[in-house]
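The values are calculated or read from the model by the stated rules, or taken from the named source; none is laboratory data. These numbers come from a predicted model, not from an experiment. A quick note on method: Cβ atoms are made from the backbone with ideal geometry, for glycine too, and the neighbour counts reach across all protein chains shown. For the accessible areas, the whole protein counts, side chains as well, though only heavy atoms, and no ligand, DNA or RNA atoms are used. Shrake-Rupley method; radii C 1.70, N 1.55, O 1.52, S 1.80 Å.
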Amino acid sequence: MKQHTDYYDIDSYLTEEQLLIRSATKAWVDRKIKPNIEQYTQAANAPKEWSKELAAIGGYGLIIPAEYGGLGMDYLSYGLMMLELERGDTAIRVMSSIQTSLVMYAIWQFGSEQQKQKYLPLLASGDLLGSFGLTEPNFGSNASNMHCNFKIVKDKIIMNGSKLWIGNASHADIAIVWAKNEQNKVQGIIVETANTTNFTTAKIENKWSFRASNTGELIFDNSELNKGQLLEKSTSIKDAYSCLNIGRYAVAWGSLGIALDCYETALQFANERIQFGKPIASYQLIQKKLSEMITEITKAQLLSYQLAVLMDKQKATHAQISMAKRNNVAMAQEVAKEARQILGGMGITGDYPIMRHIMNLETLITYQGTHEMHLLITGRDITGINAI
């Protein structure tokens with residue numbers, strides 16, 4: 001039996017530092033997340049200490065320069081970390097990705113030097129937790145038509161509207177909120193949740209997916225904050241989308257982690273489960289399932305690796321990121337479904353991670369851009385015609 005899932009020896013291209021980041025992340029997940037994640041999922045709650053522990057292993061700001069509290073690592077290292085975090089659960093990868101890909105990245109790219117110095121080190125250390133407000137109750141894929149708006153009156157920002165499906169919503173110390181100014185242009189604003197008047201949050205309950213994640217709504221009703229909270233270098237919705245590109249990159253690697261966890265679980269089960277006097281792994285149909293699973297995983301690994309190479313060279317396009325996100329999530333869905341069948345009835349129990357991963361994948365298929373929207377992004381890129 002092949003004991004590892006690096007079928008095409010991608011590890012041979014990784015540096016010692018990259019391998020160390022992956023192994024250290026995996027060790028933490030195996031020790032801290034996996035033994036307890038089922039109970040937190042059932043309770044629809046995750047312990048707050050996860051945030052500080054994520055910060056301690058470099059889970060916040062891995063790609064942010066060291067001068068701002070990050071580690072200044074490459075995108076391949078970041079992808080490997082996202083893979084291992086999502087092996088544990090989507091909730092833990094989402095916490096890391098929101099903080100790094102969306103919140104810290106937005107401040108790093110579009111904030112003033114003063115804002116970078118003020119917020120990034122505290123976000124990297126986990127002393128501040130962030131959220132990212134783009135989608136609204138009526139605007140998801142067409143976020144550019146958002147209703148959330150603000151105006152500047154003397155030295156104050158007055159904001160109205162709401163943001164829905166926001167990770168960390170009710171726990172966040174700051175939120176990067178994208179809203180339209182009086183010229184109808186979208187800009188980002190750093191909202192300090194404790195210091196903003198007429199601002200409230202609401203937690204979304206009764207979720208069947210992302211259960212261990214804190215998801216909710218940000219609500220502004222003539223909310224008032226200082227003008228200095230504006231990300232002045234942000235000038236359009238494209239700036240928000242550039243942050244989403246990093247988030248989608250994280251999803252592509254994270255969903256690969258789900259697929260690996262499901263495949264490894266199914267492979268071990270198939271070799272241990274005895275039916276009709278022999279392991280079910282000895283039957284042709286089970287081998288067919290496992291062979292197809294590892295083939296699709298390997299293809300996704302190669303896709304992800306090359307995307308990381310392009311990211312580190314600053315040559316990756318948003319369409320290439322969309323392709324990887326769309327492919328890898330759909331691939332993970334199929335792998336998880338096949339794994340569940342191999343486990344039979346045991347596959348729906350909390351003794352194994354399969355059903356929990358399946359539920360999370362039902363969100364990931366529409367998370368940060370639906371499967372169909374990413375498909376049309378590829379279509380527009382190859383034909384030059386916008387069908388959206």
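Each residue in the range 195-215 was checked for being at pLDDT below 95 and closer than 14 Å to Gly130 by Cα, and 3 of them qualify.
Where in the range 267-386 are the helices (runs of 4 or more DSSP H), entirely inside, with at least 3 residues that are closer than 22 Å to Asp6 by Cα, among the aliphatic types (A, V, I, L, M) and open to solvent by less than 30 Å² (accessible area, probe 1.4 Å)?
Values: elements: 284-312, 318-343, 354-364, 371-383.
Per the criteria, 284-312, 318-343.
In the set (1) surrounded by 13 or more Cβ atoms within 10 Å (Cβ to Cβ); (2) in contact (Cβ under 8 Å) with a residue 40 or more places away in the chain; (3) more than 16 Å from the chain's Cα centre (by Cα), Ser77 fails one condition alone, (3).
Answer yes or no: is there a residue in the range 119-126 that is under 23 Å from Lys26 (Cα atoms) and without any contact (Cβ under 8 Å) to a residue 40 or more places away in the chain. No, that holds for no residue. Could we say that Thr235 is open to solvent by less than 70 Å² (accessible area, probe 1.4 Å) and among the polar types (S, T, N, Q) here? So Thr235 does not fit the description; no.
Let me confirm something: among Ala316, Ala339, which residue is of a type in the set (A, V, I, L, M) and closer than 29 Å to Ile63 by Cα? Give the steps one after another, and end with the answer.
Working: Ala339 fails: closer than 29 Å to Ile63 by Cα.
The conditions single out Ala316.
Screening Ser213, Ser170, Ser242, Ser255 for residues that are in contact (Cβ under 8 Å) with a residue 24 or more places away in the chain, polar (S, T, N, Q) and open to solvent by less than 10 Å² (accessible area, probe 1.4 Å) leaves exactly one candidate, Ser255.
Which one of these is at pLDDT 95 or above, open to solvent by less than 50 Å² (accessible area, probe 1.4 Å) and out of contact with any helix residue (DSSP H, G or I) (no Cβ under 8 Å at 6 or more places or on another chain): Val29, Val94, Val103? The unique qualifying residue is Val94.
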